[in-house]
Structures are given as C-alpha cells and as structure tokens.
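In what follows, a single structure is set out as structure tokens and then discussed.
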Amino acid sequence: MLFKNHGILGMNARNLLYVRPFNKKKAIRLADDKLKTKHFLSARGIPVPRLYGVIRSVSELEEFNFSTLPKSFVLKPNLGFGGEGIIPIVDNKGSSFVKSSGSLIEEDELREHISDILEGRFSISELQDTAFFEQLIICDPRLAQFCYKGIPDIRILVHNLVPVMAMLRLPTRESDGKANLHQGAVGVGVDIAKGTATHTVYKGKIVDEIPGAGSIRGFVIPYWDELLLIASRIQLATNLGYCAVDLSLDRNAGPMLLEINAHAGLGLQIANLAPLRKRLEKVHGIQVSSPEKGVRIAQEIFGHKVTKEVKESREVIGNEEEIKIIAPQEVRHVWASINPLLESSVVDEELAKDLGLVEKTELGQLKMKISLGKKRIQTLAYTDDFSKKNYGMLIGRRDLSGFLIDPMKGKTKLLQRPLLPELSSTPFAQVDLELAEMDSKLKLLSQLKPTNLKEEKEKFLKDTSYEPQFEYRDLSFDALAFKLQLKKIELTCAGGELGELFLRKAEELHKKILLLEARGGDLLTERSIDLYGKPTPDLLDRAREKLKFKPEQFEEPKKWFSVAEASIEFERVFREYGLSHWRIKVNRHMVSACSAGKESTLFIREGALFSEENLRMLLAHEIETHVLTAENGKAQNYRLFNRGFGNFLETQEGLAIWNQEQVCLHETEKKYRSATLIFIVDYALKHSFAETYDYCLKLGMSEDRALQTSLKVKRGLGDSSQPGAFTKDLLYFSGYLQVEDFVKNGGDLKDLYYGKYNLRDLALIKKIPGLKAPRILPHFL
C-alpha cells in the first residue's frame, strides 16, 4: 500500500522516494552541521546571521567571557534539530539575560545549558556537539504583528530546483517565543505563486485565527520572490535534491538563512491542505537550468492563473521610450534608455540642474517624478554626464515594476546629441556605468567601521589587555541583487581589451561584497586575503631590506603647520594645477591626517599638525597622485578611469608612496611607514588586537598611532581576541615595489596618469580605442 496513495507524502515514502535517491550522505552531513552550512553558503552569497562565538569543549566553556557578547544574541547547538536547545537572548541585566519570551536566565544556567549542548543532549544522534552564538534576527514588523515575541520563519521545500510548498511558522506564548510546531507554534500555509497566507494550523488542527493575534489569511509575505530564489539557490549549492530551507526576515537586512533540513516536509501538507507528493511528482524530471527558472516554474505550475493576470495587466515598453520629467517649474519630454540590468535610474546632471532638481538623499540621489507610459513614478536617481549619449535618462529596474520590455517595440529616434563613435556599437558603455555605480555604493571602508567603535576604544584605553568586540551596521546595498547583476555583466564582457578589464573589475567587486558579508565572522580574514593578499616571504624580505636604512632617530621638525595653514597650501597647489573646483573639508572622525575623497573634496582631520616635510609629501601623495589621476580619468570615455579599474588601489597607493619619496628632502618616519605595515599586518594575522597594539608600541609608535594602526588592521573582525586581519594596508608597500620595479625597467611614470588602474593592466589600457593622453601631470614629471 506504500505506493498507492492520494498524493499525501508519508515518512517512509519520503525517505525511500526522495531522501535516499536525491540526498547524498555528504550533503546530509553538511545540512546537519549548522556552522559548516552557514560558512559554506555565506561564501556563495547566501545571507546568514553574523557569528559571535563558538564553544567546542568544556575548557573553552570555563574560559568563555559572556561580557564579550553583544546585548542580544542566539545560543544554538550546532547539531540540534526541531528547534531544541535554542535560546534567544534579547538583553542582559548584569549576570542575568532576558530571553525573547521576557523571562530571565542566569549566566550559571546558560553555562549549564551549554554543557548539555556539548554532551549532545540536543544533537540529532546524541553525539558530542558544539555550541555557538550568533546574531539575533530582529523580526520584520510586518510579521511581528502575528507572533508572540520570538522570530517566525518561512520553511520552503525545494525539489529539482523548484520550490514546491511553503509554510510560515509563528511563535506563540505557549511555544515560549520559538517557531516550533511541536511546542505550540502556529503553522500557516503559503501560496507559492503569490506569497499569501492561506490556512492556519494550531496543534494539528485547522483554525480560523492565530491565538491572540487574529486572522492572517490573505497576508502577503514580504520579499517573497527573493525568498523562493534563495531557497532554490541553496538547493543547488548544497547538492541536496530534496530539502527544506528555513529562512527568516530581519527588520533591516531582509531574508536570512536559519538552517536547512534534508528530511523535512511532512508538516507542510497540513498547513497547505495539499498533498506534497503530487506536487513533487509534477516537477520531477523537468529540465531546470537555473534557480531563477525553478522559481518561475513553481509560480507557473502552482499559480498559473495569477501569472496570466499579472502579465495581461502589464504595459509593454521598448528599449527606448519618450518620458516626461515632472519638475517643480515645468514638465520636460526627454528620451530614456530602458535598462533592467541597472538597479537605480540615472539622470543627466546638466538636465537635472536645468530643471531645478536639487533635493538629494544622503546617498546623493535626486528626488524626482517621471511619467513612463501610462504610469507616474516617484523615484530616486543618480546623476551622470550624458552629454555624449543620445538620451537624457537611464531607467533602472526599480522603476520598471509593472512593465514588460519588448526590444522590437518602436523605432530608435534621433536626438539632439550625437552618439560617441567608439561607443555606439558596444555594450561596454552601459557596463561601465553599472560597474561604476555599484563601486560607488559599496563604500567598503565605511561599512567596515564598527558601530560601537567609540565605546570599544574607551574600554580598551581603560584596560589595554581588553580585546574589543566589534559590531557592524547592516549593509547599505542589496548584496544578492549586486551579485546577480555582476553575473549578467560577466556574460556581456566576452572578448577584447575592455571586456577583460571590465571582467577584472566585476571580480574585484564580487570579492568586496563577499568580504563585507563576512564582517564579524570567521571568514573575514580569508576574504581579505583573497582581495588584497597577505605578506609573502619575498614581501617581508624586501620590507626588511627597506627598514635597514631607517635611522634610529629623526630630526625634530623646525616648523609645524596647523589645519588652517595647511589648507592655504593645498589651495595654492590646486590653483597651480587649474583645479579650483576642488574644495577642502575638515573632518573630526578621520583616521589619517589627510585624504582625497570623491566629488572633488580633500578631507583634513580636525586638529592635525603637519611638519614642513610631511606637508610636502602629502601634496605629492594626495594631489599630485590621487587627484591628478582622478582628473585625467574624468577626461576618458569610461567612468572607471576615474573611479578605478579592478585592483587599481595597489598601483595608486604605490605611485603615491613613490612620488612622496621623490620630493622628500630629509629623512622622516613617514618614508618607512609602508614597509613597517607589512610586519604589522603579518603579526595581526597571528595575534589578537591587544597583542598587535603592544607590538606597534615596541616598533616605536606613539600610543595614539599604535591604537589607530591596530584598529585599521583589525577592522572587520567581530571578536578581536582572535588571530586575523584586514590586510589592505600591505598594498602601500607592495604597490611601491611594483612602481619601483617599473621605473628600474625603463617604464615611464606618465603611463600611470591616464586614470586609475593596476600597472599589470597597462598594456590593455593603452589598447583602448579613444584613449586620451594625460591632461595634467605633476610638475616633477
């Protein structure tokens, strides 16, 4: 009778027909190990909660300091199942911790609970286990209204890359804030096509309302399409042919993976009042080429009527459309290029000024209204120079909801401005714009700054043996969307010098995204090394050779320049180079004394003092390197000459170090700083924050510089007591050696002033059609 049924999937049939044939033992072991699962999937772009700490043994438990944890976290057994052994903590009061249910638990009780975890009390096969602490997800308020305190989750069952059934699980007072049906949580069926709530199950029975929260029927789960896509991508990455993916929605970060299950699925049938086996049989054997296609198939098979209705209601537009920009004083008709690969819309900067559009967000986007087809849209748009384009605006996918795009619709109309000859027949102009826009949004260093930096610095200054525990704000961009966009760009950039250069930039951006996703976790150092490298034996030897010439003492400066006096000198040099549009801004929160930023601004740290020698070196470093290459890059046909091609930073900083040495008249500590950083990065990779700080002091640094340097190489980590580092600072010396070798081999430094790029790409750069000679060169060249 096992195989004669009405479409209901029982436990034996599930195991015989789906788990055994489609789930290899290796894949099941990965799914059962939560820590391995999260590390594995995080490296593949799946959003996961941050890891705060791991306890693997009784000795580690005895030594563990609970004060290093943030106020809110979740304690979990690594091999746990069914939600057993999980304790969400929302706050602490001295030695007491507040659980999500509101009840208190003492530190001693937590330690006893962790001891139970280590002994395997909550593990799948009562095996010895590991306890870990991770980020507490803050419930999306749209879901919070239906549950009692804890975190609800969405279970999506996937087979053959197709999401076949889903259930929302809501914590109740009875379940103590846990989304566990066996402990009294509520299960809610979900329409796969629309993401709407259907039937409600409580204690195995269909009910009309959630106890204490009312009816949820018809509620639309936020991020539904993205949740389905993440579930399908997880199934592909883990090689589990049949799996349930448990996701949650964080208030700020959106979808987050909780765990995956290789044996789940039976309870979903009750919540959906639908036989699971029938759905599994429908998708079995279908050729599914990608997770995206799997999601489309799911919504078509299990909701074809809805899909048809949506399609019929959409307006069809072409690749180019005449739009109306609705400005305060007038309505202007302009031509727009329609590009769903671009996330945000972009408007010509001169057109925006002409229309009086000036109100901007913190991210520099203009607030504006447009009319596209029959739809009026209020949007946020970036600005760019379209003077050489045949359109006044680019419409990105955020503003294309409700439209279908037909490339054959309409005819291209001639506009007032001619096409740029070398760009008219290539897709690279659009790719260049997209890469530059993504690059501007990543803001890597800003997003590596801990949110609790001030507090942790104060704790460390009171006790220099204290190891700071850093926390980070949520990413300011959609990492998953960026990765998908980069994949599309990779398909566009096949062949040619430009294609190769853009591919390298796309690879760099992908590595930056992975690094930012790893903030506060164990993978941060690995991701940093992948992006910037680590000190090699050869690099250490050459740094050692450089430092042989470092004097034991340096001559005391005879004159010091204040910020105001230094600003006058910077302004004088700007005028000499015809750069009067550059401005100087004083910033109290900077680590370095001076830095050339974007949007023609040179930042100086409030209260900084400059010796005459250091001021001369800064002029060469910031203006005669970074500013001049940026200005020359603006004159080229591609924005990446200004923003920087892939891995440009190594050559940029190396050239800056080289240039400052050429104008240096006396020995100064600054001349040897880049070589010293190689040893500090190498040391930090193997030691804690406090140990790195002591090491900097032993190298002769002041307490303030030792602290700033330690913060720079340890940023990105969560628990700074662990070995590991953000390795970017080694680029200054490795880049310097790169430029030094280039000059020794007869290279012309003028070749490094076309814009911003890595010296290794110079041959490709010089082959780009329409490349313009550097417009401004340093006086010493």
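The values are calculated or read from the model by the stated rules, or taken from the named source; none is laboratory data. What you see is a predicted model, and the numbers here were worked out from it, not measured in a lab. Neighbour counts are summed over all protein chains in view; Cβ atoms, including those assigned to glycine, are modelled from backbone coordinates with ideal geometry. Quick note on the areas: whole protein, heavy atoms, side chains included, nothing else; ligands and nucleic acids left out. Shrake-Rupley method; radii C 1.70, N 1.55, O 1.52, S 1.80 Å.
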Quick one: P(r) of the range 727-781 from all Cα-Cα pairs, 5 Å bins, percents rounded to integers, in order of increasing distance. 4, 15, 25, 25, 18, 10, 3, 0
Any trypsin sites (Lys or Arg not before Pro) in the range 315-409 that lie in a DSSP loop and have at most 14 other Cβ atoms within 10 Å would be Lys374, Lys388, Lys409
Under 13 Å from the Cβ of Gly177, count the other residues' Cβ atoms, weight Lys and Arg +1, Asp and Glu -1, and hand me the total. +2
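Among residues other than Asp225 whose Cβ falls under 11 Å from its Cβ, what is the net charge (Lys/Arg +1, Asp/Glu -1)? Don't skip to the answer; put the middle values down first.
Numbers: positive: Lys194, Arg296; negative: Glu226, Glu292.
Combined, the nearby Lys, Arg, Asp and Glu give 0.
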Rel. contact order, % - alpha carbon contacts under 8 angstrom, at least six apart, the chain: 10
Which value in Å does the Kirkwood hydrodynamic radius of the chain take, with 1/r averaged over all unlike C-alpha pairs and then inverted? 29.3
Could you tell me the distance between the Cα centroids of the range 74-121 and the range 717-779, to the nearest Å? 50
With +1 on the Cβ of every Lys and Arg and -1 on the Cβ of every Asp and Glu, and nothing else charged, how large is the dipole of the chain about its Cα centre, in debye rounded to the nearest 20? 2640
Of all DSSP beta bridges having both residues in the chain, the percent classed as antiparallel (nearest 5) is 85
Could you tell me how far the Cα centroid of the range 550-572 sits from the Cα centroid of the range 20-60, in Å? 53
Please calculate the 1.4 Å probe accessible area of Phe603, with all protein chains present, and give it to the nearest 10 Å². 60
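Based on Cβ point charges of +1 for Lys and Arg and -1 for Asp and Glu, what charge dipole magnitude is obtained for the range 667-781 about its Cα centre, in debye rounded to the nearest 20? Before the final figure, lay out each step's value.
Numbers: 18 positive and 14 negative charges, 127 e Å.
The calculation lands at about 600 debye.
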Given the range 564-667, what percent of its DSSP beta bridges are antiparallel, to the nearest 5? 40
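Over the chain, give the accessible area per residue in Å² for a 1.4 Å probe, as an integer. Don't jump to the answer; show the numbers that get you there.
On the way: 35940 Å² over 781 residues.
With all protein chains present, the chain gives 46 Å² per residue.
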Rounded to 10°, Cα long-axis angle of helix 479-492 versus longest principal axis of the chain: 70
Would you work out if the range 55-124 is rounded, prolate or oblate? Take a ≥ b ≥ c from the square roots of the eigenvalues of the alpha-carbon gyration tensor; rounded if a/c is under 1.5, else prolate when a/b is larger than b/c, oblate otherwise. oblate
If one takes the longest principal axis of the Cα atoms in the chain, at what angle in degrees, from 0 to 90 and to the nearest 10, does the Cα axis of helix 428-442 lie? 80
Tilt, helix 731-744 to longest principal axis of the chain (alpha-carbon atoms), in degrees rounded to tens, equals 50
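Can you tell me the dipole magnitude for the range 240-388 around its Cα centre, using point charges on the Cβ only (Lys, Arg +1; Asp, Glu -1), in Debye to the nearest 20?
900
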Across the range 657-673, in residue order, what do the Karplus-derived ³J(HN,Hα) couplings come to in whole Hz, using 6.51 cos²θ - 1.76 cosθ + 1.60 with θ = phi - 60° and x for Gly and Pro? 5, 4, 4, 5, 5, 5, 9, 6, 9, 10, 5, 8, 4, 4, 5, 10, 5
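Before rounding to the nearest 500, sum -39500 (n - 2.57) across all DSSP H runs of length at least 4 in the chain and divide by the residue total; then give [θ] at 222 nm in deg cm²/dmol.
-10500 deg cm²/dmol
Which order do peptides 713-719, 65-71, 218-224, 553-559 fall in by mean Cβ count within 10 Å, highest first? Each step should come with its number before you reach the end.
On the way: 713-719: 25.6, 65-71: 14.4, 218-224: 16.1, 553-559: 10.6.
The peptides rank, most packed first, as 713-719, 218-224, 65-71, 553-559.
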Got a number for the accessible area of Trp335? Probe 1.4 Å, square angstrom, nearest 10. 50
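Give me the net charge for the shell around Glu109: Cβ to Cβ below 12 angstrom, other residues only, Lys and Arg +1, Asp and Glu -1.
Residues close to Glu109 contribute a combined charge of -3.
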Pairwise centroid distance, computed over Cα atoms, of the range 341-403 with the range 242-266, Å: 36
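Loop-only GluC sites (Glu not before Pro) in the range 556-634, please: DSSP not H, G, I, E or B, and at most 15 other Cβ atoms within 10 Å. Intermediate values should be presented prior to the final figure.
Values: sites: Glu565, Glu569, Glu571, Glu576, Glu599, Glu606, Glu612, Glu613, Glu622, Glu624, Glu631; in loops: Glu599, Glu606.
When the GluC sites (Glu not before Pro) of the range 556-634 are filtered for loop state and at most 15 Cβ neighbours within 10 Å, Glu599, Glu606 remain.
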Considering only protein heavy atoms and a 1.4 Å probe, what is the carbon-and-sulfur percentage of the accessible area of the chain? 50
